[in-house]
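The values are calculated or read from the model by the stated rules, or taken from the named source; none is laboratory data. Note that the structure is predicted; figures quoted are calculated from it, not measured. Cβ placement follows ideal geometry from the backbone for every residue including glycine, while neighbour counts extend to all protein chains displayed. What goes into the accessible areas is simple: the full protein's heavy atoms, side chains included, and nothing from ligands, DNA or RNA. Shrake-Rupley method; radii C 1.70, N 1.55, O 1.52, S 1.80 Å.
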Amino acid sequence: MSTTVQTPRSAAPPGAPAPSRRAAPRASGRRQSRGNRLAPYLFTAPAVILYIAFMLIPVGYAVWLSLRAYRIEGGLLGRKTDVFVGFENYVAVLTNPDFAAGFGRLFVYGIIAVPLTLGLALLFALLLDTPAARLKRFGRTAIFIPYAVPGVVAALLWGFMYLPSTSPFSYITRALGLGTIPFLEEPGLFGSLANIAIWGGVGFNMIIIYTSLRGIPSEIYESARLDGATETQIALRIKVPLVVPALVLTGVFSLIGTLQLYSEPATLQPMTSAISNTWVPLMTIYRDAFGTDDLPQAAAASTVLAVGTVLVSVIILRIVNRKRMGVNS
Amino acid sequence: MTAAVSTRPRPASARTDRARQRSRDGGWGLLPTIVLVLGAIYCLIPVVWVYLAASKTRGELFTTFTFAPGTGLFENLGSLFAYQGGQYLMWCVNSLIYSGVGSLLSVFVSAMAGYALAKYEFRGRSFLFLSILAGVLIPGIVLAVPQYLLLSEFNLVGTHWSVLLPSIISPFGIYLSRVYAMSAVPQETLEAARIDGAGEWRIFQQIVLPLMVPGMVTVFLLQFIGTWNNFLLPYIMLSDQDMYPLTVGLFTLLAKGSGTPALYSVAITGAAVSIIPLLALVLFLQRYWRLDLVSGGIKG
């Protein structure tokens, strides 16, 4: 990502006197002829307006709301008013055992889903890029197909494949006298949910890594082959390091997706008693906002989740960028 | 050379290498192909299953082997489209409206903003770009609750607008459009048009937009699939069942079905039918995708 960020024009020498700054655009190559000063603002205006309306304001509103609470004043018959309570909601969120347990489940789920999704995506991308592999077109298309299936529908499909009465897998194990596989009960449930995410995510990530592999100039491989490298060595020592940026991107996306886990467990909920109303953080938020009408609490929890997501993403990007610089130097 | 690169098969050299390769890599033999096919089977199993299950009558669903086809396909389709007076069809239309209209508008807004960010130098550009990058990191779903609260202030909750409007702004789409515009729109062409006296809007319409079409197709598809698959936003915003998109409709159908297994067949058939348009879209438009955009592989 960082490669595409251009140095802003205003990054002229800091001590430079004001007039030279005015001269700078002209010198930097007759880019801007006269009357189009307004053009970039007009072109970006719709995006900026929508960005402010549907991202900035909601975020600000959530933060404001999270600092307030509904109180009933004047005894039993009192009116409901909302008052400023500072970080009370945050304290409540962070000490809420349901919320913490939700993150715990998310962690277990993520530990299974994210590495397997990325690992399989990388494996399939490398195989597609291997001269010896056949049926590539078929493989690529088939593995990409689940991306077109909405998460809710994917959960529904897999749900029926897990459900004892309709599961093909349990059908087989029962026929073998092994009984039903407990896909929808607590320890196995994590794997079952992770499987839905892996199934839905491998194809898209594979294509991203694969297109990134296609961008590597083939001369690199030629010279490695001349030096006697095997295909496996080429894959592990040349291809994998060169697609690290794509892996980071897909990793961050998978992680954001993990923290947003909602529709899959919610879809499976009617099929099993192992999924509570607060199984993952977003389910708790949904319940607070629309079940118990505690909007400030939901806003505080949303903020915690958003801040957590951004922090984790930034930390990953930081670590990986530093590592890459270390490799390059 | 800016436009079509990368997704083409590598030229002859790779192919002539293949023979040499196979002898050296002989140890691996068919293994790569086998692993690839296993992956394909894993990805296809639920899709195959849902179409087989959709062909079964209610009785067959719970009694026959799950991968055996049934005899009730038309009966199931009939009860699916008759469900609640044809509600399923309305869900299809709604999904099409939200995704189609929403992503068309989104692509247009993203292309304009991306082009401006790539090709103009203006005060606040880097600030704007960084804000949009930050927007990519903000999980869209976390925004859903505050968006609901805000839209309810304007009495828009429960209308088509409440799902449509938030889907138009796509920081990722803007980011991709910028990346694409940087390499696909030559600065010289813009200069030439300006010297010829063309206005900025005309330049954008007649020169820039056509150049950006491949990138915009990709942004459109990503946005279309994203909106089509979106669940939480419409789930939160809408209460009238007739306005649901397919995802929310199928979800409520299943939730109801847990009490009455009679609805299982309807839910399964509904799921099977709902993925046909997207499968067709993805398969048909596969070749027009420029997913190298996403991986940052398009540096020209």
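Of the numbered criteria (1) surrounded by fewer than 17 Cβ atoms within 10 Å (Cβ to Cβ); (2) at pLDDT below 90; (3) within 14 Å of another protein chain (Cβ to nearest Cβ), the one A:Thr81 fails is (3). In summary, B:Arg178 fulfils each of the numbered conditions (1) over 25 Å from the mean Cα position of the chain (by Cα); (2) among the charged types (D, E, K, R); (3) open to solvent by less than 40 Å² (accessible area, probe 1.4 Å) with the single exception of condition (1). Annotation note: Cβ proximity below 8 Å between a residue of segment B:162-189 that is in the same structural domain as B:Leu209 (by TED's automatic domain parsing) and a residue that is part of a helix (DSSP H, G or I) and among the basic types (Lys, Arg) (sequence gap 6+ or interchain) occurs for B:Ala181/B:Lys119; B:Met182/B:Lys119; B:Val185/B:Lys119; B:Gln187/B:Lys119.
For the structure I just gave you, tell me whether B:Met216 is touching a residue at least 40 places away in the same chain (Cβ under 8 Å), more than 11 Å from chain A (Cβ to nearest Cβ) and either among the hydrophobic types (A, V, I, L, M, F, W, C) or over 19 Å from A:Ile49 (Cβ atoms) (or both). Judged against the criteria, B:Met216 is a match.
Residue count for segment B:118-142, restricted to those that are buried (at least 24 other Cβ atoms within 10 Å of the Cβ), over 17 Å from the mean Cα position of the chain (by Cα) and within 25 Å of A:Gly151 (Cβ to Cβ): 1.
Name every residue in segment A:274-305 that is at the interface with another protein chain (Cβ under 7 Å from one of its Cβ atoms) and open to solvent by less than 20 Å² (accessible area, probe 1.4 Å), in order of residue number.
A:Leu282, A:Ile285, A:Ala289, A:Ala298, A:Ala299, A:Ser302, A:Leu305
Restricting segment A:77-136 to residues that are hydroxyl-bearing (Ser, Thr, Tyr) and part of a helix (DSSP H, G or I) leaves a set whose member that is nearest to A:Ala62 (Cα to Cα) is A:Tyr90. Looking at B:Leu253, is it in a helix (DSSP H, G or I) and either within 7 Å of chain A (Cβ to nearest Cβ) or at pLDDT below 85 (or both)? So B:Leu253 does not fit the description; no. Among the residues of segment A:149-169, those that are touching a Pro at 6+ places or on another chain (Cβ under 9 Å), among the small types (Gly, Ala, Ser) and in a helix (DSSP H, G or I) comprise A:Ala154, A:Ala155, A:Gly159.
Just one residue in the set B:Leu133, B:Leu137 is assigned by TED's automatic domain parsing to the domain that holds B:Gly249 and more than 22 Å from A:Ala299 (Cα to Cα); that residue is B:Leu133. For segment B:55-72, the set of residues classified as in contact (Cβ under 8 Å) with a residue 12 or more places away in the chain, more than 7 Å from every other protein chain (Cβ to nearest Cβ) and either open to solvent by 50 Å² or more (accessible area, probe 1.4 Å) or among the β-branched types (Val, Ile, Thr) (or both) consists of B:Thr57, B:Arg58, B:Pro69, B:Thr71, listed by residue number.
Restricting B:Leu253, B:Leu238 to residues that are closer than 23 Å to B:Leu104 by Cβ and touching a residue at least 24 places away in the same chain (Cβ under 8 Å) narrows the list to B:Leu238. Would you confirm, using the coordinates I've provided, whether A:Val252 is modelled with pLDDT under 90, assigned by TED's automatic domain parsing to the domain that holds A:Ile285 and within 30 Å of A:Ala306 (Cα to Cα)? So A:Val252 passes the test. B:Gly78 meets each of the listed conditions (1) over 24 Å from B:Phe231 (Cβ atoms); (2) at pLDDT below 90; (3) within 13 Å of chain A (Cβ to nearest Cβ) apart from (3). Listed by first and then second residue, the pairs linking a residue in segment B:43-54 that is more than 7 Å from chain A (Cβ to nearest Cβ) to a residue that is small (Gly, Ala, Ser), with Cβ atoms under 7 Å apart and 6 or more places separating them unless they lie on different chains, are B:Tyr51/B:Ala272; B:Ala54/B:Ala272. Among the residues of segment B:73-117, the ones that are under 17 Å from A:Ala39 (Cβ atoms), open to solvent by 10 Å² or more (accessible area, probe 1.4 Å) and in contact with a helix residue (DSSP H, G or I) (Cβ under 6 Å, 6 or more places away or on another chain) come to 2 in all.
Within segment A:202-220, the presence of a residue that is within 14 Å of A:Gly159 (Cβ to Cβ), over 23 Å from the mean Cα position of the chain (by Cα), outside any helix (DSSP H, G or I) and assigned by TED's automatic domain parsing to the domain that holds A:Pro245 is excluded. Quick one: in segment A:209-231, which of the residues that are surrounded by fewer than 24 Cβ atoms within 10 Å (Cβ to Cβ) and of a type in the set (A, V, I, L, M) is nearest to A:Tyr147 (Cα to Cα)? Step by step, filter segment A:209-231, then rank; the result is A:Leu213.
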